[in-house]
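I have placed the structure first, in the form of structure tokens, so that the comments after it can refer back to it.
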Amino acid sequence: MSLSAQTPLSATTAGQVIGPQGAAVANAQIETRQLNGSFVARRISDQDGRFSIGQLPVGQYEFHVEHAGFRELIRQVEVHAEDSLFLSFPLTLLSITENVTVSAQPSLITETPLSQTRASISREDFKDSPAITIADVLGLAPGVTFVQGNGPRDVAISVRGSSTRQTYGVRNVQVFEDGFPVTQPDGLARTDLTDPHAYSGVDVIQGPSSALYGNYATGGAINFHTRSGSEIHGLEVGADFGSFGYYNDYLTYGAGSDRYQIAAFVSNVRADQVTVNNQFNTVTANILANFVATPHDRMTFKFINNDLNTNLSIRLSRAQYQINPYQIGCEIYSSSFAANGCASVSVYVNGYNGAKKSLGAAEAGLNRHDRRTIVGARYERDLTSNTTWQTQFVWDNRDANQPTSSSAYRGTLPSFNLESDVVRHGSLAKRQTTIYAGGFFNYENINSQSSNLMPGGDATLGGATQTVIGTHLNTGFRGRAEFVLAERWTLVAGFGGEYTRLNALANNFTYPIAGTPVISPVSANRTFFNVAPEVGVQFHPTHAWSIHARLGTGYGTPQATQLFTNAQGQFGNNVTLKTQRNIGIDGGAEWSIGSMLQFSGALFYEWFHNEQVTQSAGVNLQSYTFNAPASTHRGVQASIDLRPLPHAIAGLRLRASYLYDNQIYTRYTEQLTTGDVSNSFSRNNKQIPGVQPHYLNARIIYDQPVGKLHGFGAYLETSWRDKYALDNANFLYASGYTLLNLSTHYDMPSGHGALSRLRFFFDIQNLADKIYIASASNITNTLNPAGQQNGASVLATSTGSIYAGTPRASYGGVRVRF
């Protein structure tokens, strides 16, 4: 390292906030955020309007200064080594007719909680790629993994393995968009509605987080941010196209001023897909609007609508995957299905009982036709110069029509979510303090029916097999305080409490051949009360380092769909399912040397009690959820963003993220029953199935900064995943794999007239044309006639588990700005 690189790369900044006549403005909120790093500092001006921030790493900063009755002031400042800056921030008074800066962001308390490990992805990381699903965006976020769900954009996102116990939707993580919850009260979020083209960035909050986010936050939270109107500033029209009939046509409009911001996005995505019976068409609309009514009153409105229409193939056994991963020639059932590795469903010929017939996925008409509509509104009121009250309401409706196996699920699940909270920035015992307190109430109405499929195509329905009617209610409170103990130390403490009531009635229908239909009701009336404390500390020992440590807790109550399927995969009684709870400790550090290097690393260890694990009993059966009495999750995550030759090769950049995730049962004995034979087996120290122990994503990036090729860029990406267990005995594994992707783009610089409005990209994904497992559901262990567990060769024939990933594919696109 050169001598200059060894000198202190820090600075001290002080300043004063003043009014129009030069008078000091006390209790102004100052937030300083490093634009090319991770440093964040918050201060409150004293009675003389002054503040100071020490040990600032070298780099570019953005200062946000706010005070009720004044316009927000935003200023960017370049900080050099050993600078000792004094900045003046003159604020302008407002009247009701004067301009007010609009912010699209909700309280920083919930967006970027201090002392907690988090990862952020910027639009700069994915704007020049096809970004087909949100998985293409989150690959560089340390601690985040994903598998393909049941549909083109349905991605099961996991934060430190949080959702790996199932292969659809997002569970055990609370999901937000622009501060509005998009997780329903039953804990399920789905990424069908998420077109990455609409977003400016994503923040991932990691570790048990129920103190701040409530029920189903055992893994943390994900905050999606759409683009503001001012960022878009006009009209953008884009078209992406690629292999296997892929097309995405999208339109973005944005406008904004100091008084309002409005952004609207619409897209239509469709493709044929390589796997048989996976064609899809989905239309998404996303609108965000912010308005200022008075200098003290702000309003935000949110609208999302997604219509999904997709055919769906059948998940395969390991043996079927090895023979025919893309199910070529498996449209119509024939006697050669087994030899050709084709999957099928078995349905009653008359739709009720008696003789059965096997059908291919296309022949049966397996599909998903779902609609999701979300409408939200938020009102913010400055009660005093340093206290803000915020209330928001969200209506969220999910219509599901899912004939995905031998049984079809149809349901309407409307819900609403009401939250109200107060944030105060001030001082307590002469220490700068931010205090947050709030309450919430959310409610979901459950109304669903499952029916047999029968021959006839187009998902012809037979007799009803189950109806579920019920409600899911969560209500509670949360509080949090951030204390600046000293210039370099911040202490965080939080506490949440929540009452959950789940009332549901399932009617299970059977149809004896020689008798009248039988209705077997199963009632679930469950109430829960959970509490979640947390405590953490954040420390900046030097200009370049930030260190945090935290103890957090989480909880997740059962959902209605889990209570009415038994261990054999049949509709039945599972109403004794318990709440899962976890306690986690987390320690991490971030190291930044200006724009040349940003490094982050974290260690975590979590203890779970009654962890909920879901597994498949087969393609013609339902998934079953059980409690593992005790388990542990421990691991390491790291990321690096390096510009190795900032002067010699200014456009060269290396990025990587890595996760080691070791999840094991520590106390769990599984009872297996096959026919009349039963036996029990200890699963202590066995890997929890579905969890990828190692995950690495890395990119070599080059963007030409100057010259004739200015605007041209490319990156080579590799993604490596280790093999992982599929069953509780760890007999059968999903194979690991390594993928290579190549991406190029050209963003024509200014000075070329209308051509400067164009941007092009071209990608080749899976360069080596690997056949790999994109998704694998956990499977149930079985017994042989002697009462011993069947080995891997038998488990490899268990159906309902695997989807193959996409082979080598190319994608291109063009976007024009007006």
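The values are calculated or read from the model by the stated rules, or taken from the named source; none is laboratory data. What you are looking at is a predicted structure, and each value in this text was computed from that prediction instead of being measured. Cβ placement follows ideal geometry from the backbone for every residue including glycine, while neighbour counts extend to all protein chains displayed.
Selection of the range 206-223 for residues being on the phi < 0 side of the Ramachandran plot, small (G, A, S) and outside any loop (DSSP other than H, G, I, E, B) yields S210, A211, A221. Between T465, T490, T475, the distinction of being under 22 Å from S415 (Cα atoms), assigned to a strand (DSSP E or B) and either of a type in the set (S, T, Y) or in contact with a strand residue (DSSP E or B) (Cβ under 6 Å, 6 or more places away or on another chain) (or both) belongs to T475 only. Please work out if A532 is crowded, with 16+ Cβ neighbours inside 10 Å, touching a residue at least 24 places away in the same chain (Cβ under 8 Å), assigned by TED's automatic domain parsing to the domain that holds F604 and of a type in the set (G, A, S). Judged against the criteria, A532 is not a match. Residues that are surrounded by fewer than 15 Cβ atoms within 10 Å (Cβ to Cβ), more than 30 Å from I802 (Cα to Cα) and of a type outside the set (A, V, I, L, M) within the range 234-248 comprise just one, G234.
Restricting attention to the range 109-128 and to residues that are polar (S, T, N, Q) and in contact with an Asp or Glu (Cβ under 6 Å, 6 or more places away or on another chain), the residue that is surrounded by the most Cβ atoms within 10 Å (Cβ to Cβ) turns out to be T117. Quick one: is S405 in the same structural domain as K357 (by TED's automatic domain parsing), within 30 Å of H369 (Cβ to Cβ), among the hydroxyl-bearing types (S, T, Y) and outside any strand (DSSP E or B)? For S405, the condition - in the same structural domain as K357 (by TED's automatic domain parsing), within 30 Å of H369 (Cβ to Cβ), among the hydroxyl-bearing types (S, T, Y) and outside any strand (DSSP E or B) - is met. Examine the range 689-709 for a residue that is of a type in the set (K, R) and touching a residue at least 60 places away in the same chain (Cβ under 8 Å), and state whether such a residue exists. So far as the range 689-709 goes, yes, one or more of its residues are of a type in the set (K, R) and touching a residue at least 60 places away in the same chain (Cβ under 8 Å).
Residues checked against (1) at pLDDT below 95; (2) over 26 Å from T145 (Cα atoms):
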{"residue": "S162", "(1), (2)": "yes, no"}
{"residue": "V175", "(1), (2)": "no, no"}
{"residue": "D203", "(1), (2)": "yes, no"}
{"residue": "N215", "(1), (2)": "no, no"}
{"residue": "H225", "(1), (2)": "yes, no"}
{"residue": "A239", "(1), (2)": "no, yes"}
{"residue": "D249", "(1), (2)": "no, yes"}
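A single member of A400, A429, A408 is more than 24 Å from P295 (Cβ to Cβ), free of Cβ contacts under 8 Å to residues at least 24 places away in the same chain and not β-branched (V, I, T), and it is A429.
Restricting the range 47-95 to residues that are of a type in the set (D, E, K, R) and closer than 18 Å to D258 by Cβ leaves a set whose member that is modelled with the lowest pLDDT is R71.
State whether one or more residues within the range 507-526 are in a strand (DSSP E or B), crowded, with 16+ Cβ neighbours inside 10 Å, outside the structural domain of T614 (by TED's automatic domain parsing) and among the polar types (S, T, N, Q). For the range 507-526, residues in a strand (DSSP E or B), crowded, with 16+ Cβ neighbours inside 10 Å, outside the structural domain of T614 (by TED's automatic domain parsing) and among the polar types (S, T, N, Q): absent. With among the polar types (S, T, N, Q), closer than 30 Å to Q570 by Cα and touching a His at 6+ places or on another chain (Cβ under 8 Å) as the only criterion, which of T527, T516, T500 stands out? Just one listed residue meets the conditions, T500.
This table checks each residue for (1) more than 23 Å from N442 (Cβ to Cβ); (2) free of Cβ contacts under 8 Å to residues at least 60 places away in the same chain.
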{"position": "N150", "(1), (2)": "yes, no"}
{"position": "Q174", "(1), (2)": "no, yes"}
{"position": "N215", "(1), (2)": "no, no"}
{"position": "N223", "(1), (2)": "no, no"}
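For the range 438-449, check the following and say yes or no: at least one residue is farther than 30 Å from D154 by Cα, surrounded by fewer than 17 Cβ atoms within 10 Å (Cβ to Cβ) and small (G, A, S). The answer is yes, given that some residue of the range 438-449 is farther than 30 Å from D154 by Cα, surrounded by fewer than 17 Cβ atoms within 10 Å (Cβ to Cβ) and small (G, A, S).
Rundown of residues vs (1) surrounded by fewer than 22 Cβ atoms within 10 Å (Cβ to Cβ); (2) at pLDDT 95 or above, yes/no style:
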site	(1), (2)
Q322	yes, yes
G360	no, yes
R371	yes, yes
D382	yes, no
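Residues in the range 627-680 that are more than 29 Å from the chain's Cα centre (by Cα), farther than 30 Å from G713 by Cα and surrounded by fewer than 16 Cβ atoms within 10 Å (Cβ to Cβ): R667, T669, Q671, T673, G675, D676, V677, S678, N679, S680. Q261 passes every criterion in (1) surrounded by fewer than 21 Cβ atoms within 10 Å (Cβ to Cβ); (2) in contact with a Gly (Cβ under 9 Å, 6 or more places away or on another chain); (3) in contact (Cβ under 8 Å) with a residue 24 or more places away in the chain; (4) farther than 30 Å from Y321 by Cβ apart from (1).
Results for (1) crowded, with 18+ Cβ neighbours inside 10 Å; (2) outside the structural domain of Q671 (by TED's automatic domain parsing); (3) out of contact with any helix residue (DSSP H, G or I) (no Cβ under 7 Å at 6 or more places or on another chain), shown as yes or no for each residue.
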| position | (1), (2), (3) |
| --- | --- |
| A734 | yes, no, yes |
| L739 | yes, no, yes |
| H745 | yes, no, yes |
| M748 | no, no, no |
| L767 | no, no, yes |
| S775 | yes, no, yes |
| N778 | yes, no, yes |
| G787 | no, no, yes |
| N790 | yes, no, yes |
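Within the range 290-310, is there a residue that is in contact with a helix residue (DSSP H, G or I) (Cβ under 9 Å, 6 or more places away or on another chain) and modelled with pLDDT under 95? Yes - at least one qualifying residue is present in the range 290-310.
A single member of D186, D203 is in contact with a His (Cβ under 8 Å, 6 or more places away or on another chain), in a loop (DSSP other than H, G, I, E, B) and in contact (Cβ under 8 Å) with a residue 60 or more places away in the chain, and it is D186.
Scanning the range 121-157 for residues that are modelled with pLDDT of 90 or more, part of a strand (DSSP E or B) and of a type in the set (G, A, S) yields one hit, A156. Every condition in (1) in contact with a Lys or Arg (Cβ under 8 Å, 6 or more places away or on another chain); (2) at pLDDT below 80 holds for F604 except the one numbered (2).
Here Y253 clears all of (1) modelled with pLDDT of 95 or more; (2) touching a Ser or Thr at 6+ places or on another chain (Cβ under 7 Å); (3) assigned to a strand (DSSP E or B) except the condition numbered (2).
Being of a type in the set (A, V, I, L, M) and in contact with a His (Cβ under 8 Å, 6 or more places away or on another chain) is the filter here; which residues of the range 585-612 pass it?
The answer is A589, and nothing else.
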